[in-house]
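Accompanying notes for the structure given below.
The values are calculated or read from the model by the stated rules, or taken from the named source; none is laboratory data. All values reported here derive from a predicted model rather than from experimental measurement. A quick note on method: Cβ atoms are made from the backbone with ideal geometry, for glycine too, and the neighbour counts reach across all protein chains shown. These area figures cover heavy atoms from the full protein model, side chains too; ligands, DNA and RNA do not enter into them. Shrake-Rupley method; radii C 1.70, N 1.55, O 1.52, S 1.80 Å.
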Amino acid sequence: MTGSYGQIGTELIEALRAKYGGENIIATGRKKPPEILREDGPYYRLDVLDVDHLHNMLVDYDIDIILHNASVLSAVGEKNPQLAYRTNVEGSYNVLEAARILKLDQVMIPSSIAAFGPSTPKENTPNDVIMRPTSAYGVTKVFIELWGEYYTQRYDVDFRSLRYPGIISSEALPGGGTTDYAVEIFYEALKNKKYTSFLAKDAMLPMMYMPDCIKSTIDLIEADKKSLDHQSFNVTAMSFTPEDIAAEIKKHIPDFEISYEPDFRQKIAESWPRSIDDSTAREEWGWSPDYDLEAMTKDMLEKLSKRLGIKY
Ligand code: AKB
């Protein structure tokens, strides 16, 4: 896995190692890994832009499947589109090329709801629909989906992708996305009982709790290739606005207050779907989420308050 110390990678590595054995999952990232990962199984410092290093590692460790999680997210991508291009497009190109040349069994590269754009239907966005994103990040995700699908039909590379919605997690913090507010709000609610949202109160976006993110990822990796007609799938678990999540938190922390100061990320959010239809994933590989807004909020507050040592 690349990007193993990011928001998703941190928990996904742990889940994969628990399932398949620590020594069978190689964690890689550009930074020094957190202590916990070192004890769990092998880790490597790897920059996917270094093609020789990437190929050597895949050969030396006899890798079958690569999960390419390293990515620049939407807010950072808007500030530095050239970095988004290099990391997301060139990085994914290198990974798909390595899969083609070394004949890997499977390549999983996440996509995102950011692959959709202002001309996409905003409610219940279907799996197969016009995309045309307007953020740099979204454009890179469309490239990844299309290049991956092209490699499948042209070279028989088994490419799979999930269009993740905003992911809410209690372990590693997200870095540089538009949906990050939905994680920050929990930290601030516990620490300061107030939060200023950088999205408007009615900015509704599709979301998912980390246990469902892990479940969807492992389920798609394990899905029988013969049952898949698609390679890129919408997945979702809930849709809410900053106002909705604040109201849910208030049920547990009654004196919690939210205010709104939308910044440049509001424009990105407005270009994305408000809710997405994941029936294709449900039909082709049996996807179904476990957490709605109520269950996620309760679990997040319990886990975070324990980790931060803050009672509520
Ligand atoms: C972001 O906000 O950039 C990501 C995403 C929805 O892909 N969390």
Residue list for the stretch 233-278, filter: in a strand (DSSP E or B), touching a helix residue (DSSP H, G or I) at 6+ places or on another chain (Cβ under 6 Å) and away from the ligand (no atom under 16 Å from the Cβ): 258
Enumeration of residues in the stretch 173-193 that are touching a residue at least 40 places away in the same chain (Cβ under 8 Å) and in contact with a Phe, Trp or Tyr (Cβ under 7 Å, 6 or more places away or on another chain): 181, 185, 189, 190, 193
Residue 134, sole failed condition from (1) assigned to a helix (DSSP H, G or I); (2) within 16 Å of the ligand (Cβ to nearest atom): (1)
Filtered residue count, the stretch 9-32, keeping only those that are touching a residue at least 40 places away in the same chain (Cβ under 8 Å) and in contact with a helix residue (DSSP H, G or I) (Cβ under 6 Å, 6 or more places away or on another chain): 3
Filtered residues of the stretch 88-135 (kept if open to solvent by 20 Å² or more (accessible area, probe 1.4 Å), farther than 24 Å from residue 53 by Cα and either of a type in the set (Gly, Ala, Ser) or in contact with a helix residue (DSSP H, G or I) (Cβ under 6 Å, 6 or more places away or on another chain) (or both)): 119, 131, 133
Residues that are touching a strand residue (DSSP E or B) at 6+ places or on another chain (Cβ under 7 Å) and assigned to a helix (DSSP H, G or I), drawn from the stretch 97-110: 99
Selection count where residues are more than 22 Å from the chain's Cα centre (by Cα) and not in a loop (DSSP other than H, G, I, E, B), scope the stretch 55-96: 6
Test result for residue 151, open to solvent by 60 Å² or more (accessible area, probe 1.4 Å) and over 15 Å from the mean Cα position of the chain (by Cα): no
Selection within the stretch 171-226 - at pLDDT below 95, among the small types (Gly, Ala, Ser) and within 18 Å of residue 301 (Cα to Cα): 172
Residue under evaluation residue 167, criteria (1) touching a Lys or Arg at 6+ places or on another chain (Cβ under 7 Å); (2) within 16 Å of the ligand (Cβ to nearest atom), criterion not met: (1)
